[in-house]
1. For Ala165, state whether it is surrounded by 15 or more Cβ atoms within 10 Å (Cβ to Cβ), of a type in the set (A, V, I, L, M, F, W, C), within 26 Å of Leu237 (Cα to Cα) and at pLDDT below 95.
2. State all residues of the range 86-117 that are closer than 27 Å to Gly197 by Cβ and open to solvent by 10 Å² or more (accessible area, probe 1.4 Å); if no residue qualifies, say none.
3. Scan the range 118-132 for residues that are touching a helix residue (DSSP H, G or I) at 6+ places or on another chain (Cβ under 9 Å) and surrounded by fewer than 23 Cβ atoms within 10 Å (Cβ to Cβ) and jot them down.
4. Return yes or no: is Asp193 at pLDDT 95 or above, under 23 Å from Lys134 (Cα atoms) and crowded, with 18+ Cβ neighbours inside 10 Å?
5. State whether one or more residues within the range 133-148 are at pLDDT 95 or above, open to solvent by less than 60 Å² (accessible area, probe 1.4 Å), not small (Gly, Ala, Ser) and not in a loop (DSSP other than H, G, I, E, B).
6. What do you reckon, is Ile27 open to solvent by 20 Å² or more (accessible area, probe 1.4 Å), of a type in the set (Val, Ile, Thr) and either touching a residue at least 60 places away in the same chain (Cβ under 8 Å) or within 16 Å of Asp231 (Cα to Cα) (or both)?
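The values are calculated or read from the model by the stated rules, or taken from the named source; none is laboratory data. What you see is a predicted model; the values in this text were computed from it and never measured. In this analysis, Cβ positions are derived from the backbone assuming ideal geometry, glycine residues included, and neighbour counts consider all displayed protein chains. For the accessible areas, the whole protein counts, side chains as well, though only heavy atoms, and no ligand, DNA or RNA atoms are used. Shrake-Rupley method; radii C 1.70, N 1.55, O 1.52, S 1.80 Å.
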Amino acid sequence: MEKYLITKFTTKGANKITNEDVVETVIIDDGLLCILCDGVGADSEPEVASKITVTAVKNLFDASKQKDYLERIKETFVDANDFLVKYSQQKKDNNPMTTTLDMLFIKDGLAYWGHIGDSRIYYFKGSSLIQLTKDHNLIQKLLDEGFLTLQQAVNHPSSHILLKALGKENAEGDFSKMRLANSGSHKFLICSDGITGLVTDNELQEILRNDSETVQNNIISLVRSRGATDDYSFILLEKVNDDWKENS
C-alpha cells in the first residue's frame, strides 16, 4: 500500500470575512481520499456550500458499494450535486448554492480523480509538473477557442466567472485515472484558485522540488506576498516509505 506524507492548509483571504474553502483527507477501503471544495462567492452561503459538500462527498463515497473507484467517484459527484441542489431549494431564499469540487483517491498503485470548477489537481514527478484538471471557467474557454493568449489571460478581470460548478442542475464533471510508478517519489497538489490565481505553474514546479515542509512554507509566503485577496487552500501528498503521516 502506498504511503504518503499528507499536508493540509486552508485560510481565508485578506479581504474575506469567512473562509469559503474546505479541505479533507480520509482513509477509505485502505485508500486515501482527498477532497477540496471552494464555495462560489457569487452564490448563496458559499462557506456552507463547501462545508456540507465535503461532508456529503466523504459519506457518499464511503457508503458506496461500487468496486470500480472511478465509477464510485462519478456516482458521488451525481449524488452530491443532487444533495446540494435540494438543500438550496429548501432554504427560505431558494437561492442556489454552488462550489467547486476536486476528489482524488489513491489505492493499489492507481490514482482516480473527479473535478468540476476552477480548483486544480497537479501531479509532480522528477522535475515535471502536470496539471491533471482543466479549469471550467470563461478564461479557459476563451483560451481554448483562440480568443485569448496565455499572456492576456493573466490577471484577466473575468477570471472569476465559472461555467461549471457543483450545485447546478445536471452539473457534469471531468473524471480520469492513472497508474502510478512503483519506484521513485512523486507528489500530488490539490489547490484552490486562491493559489493558482497568484502563483504560476512554473513557480509551483520549482517549489515542488523541495520537501513538503518547504513546499508548504514557500506557497504560503508567496501567496501572502502577493496580497492573498482570496481564500487559499491546498492538500499536498508526498510519497514516502513510512506509514501514513499528516501535517496540518
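1. Against the criterion (surrounded by 15 or more Cβ atoms within 10 Å (Cβ to Cβ), of a type in the set (A, V, I, L, M, F, W, C), within 26 Å of Leu237 (Cα to Cα) and at pLDDT below 95), Ala165 qualifies.
2. Matches in the range 86-117: Asn95, Pro96, Tyr112, Trp113.
3. Tyr122, Phe124, Ser127, Ser128, Leu129, Gln131
4. No: the conditions fail for Asp193.
5. No, the conditions are met nowhere in the range 133-148.
6. yes
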